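Submitted below is the structure of interest, expressed as structure tokens.
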Amino acid sequence: MSRYIALLILVIPGALAVVGVKLMRDSVFDILQPLFPWLWLQLVIGLILFLAGVGFIGGWIFYRDRKRHYVADRFKRKM
């Protein structure tokens, strides 16, 4: 059961990153979604969603690798 919860915790930020990429792509191709009044706002929200999703997944992987001692010496915790 805990593995399913962990998978769900990783899928939600991944989905947010995908939505962010879609919003940024639509902004580049001048497709305005009905939720946003301006293209620049759609681009900024897409960038924020993308960075938040990728940052969360990257942080999760980094934390797990640090806990299992897979990272380089410069990233290990100092005692």
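Provide, in order from the shortest bin, the percent of all Cα-Cα pairs of region 2-75 in each 5 Å bin, continuing until the bin that contains the maximum pair distance.
3, 17, 18, 16, 14, 11, 9, 6, 4, 1
Karplus couplings for region 32-45 from phi (6.51 cos²θ - 1.76 cosθ + 1.60, θ = phi - 60°), rounded to Hz, Gly and Pro as x?
Along region 32-45, the couplings run 8, 7, x, 6, 10, x, 10, 5, 5, 5, 4, 5, 5, 5 Hz.
Hey, another quick one. With everything on Cα atoms, drop me the angle between helix 2-28 and the longest principal axis of the chain, reported from 0 to 90° to the nearest 10.
40
Taken together, the values in this text are just the output of simple stated rules run on the coordinates, not laboratory data. Please read all numbers here as calculations on a predicted model, not as lab measurements.
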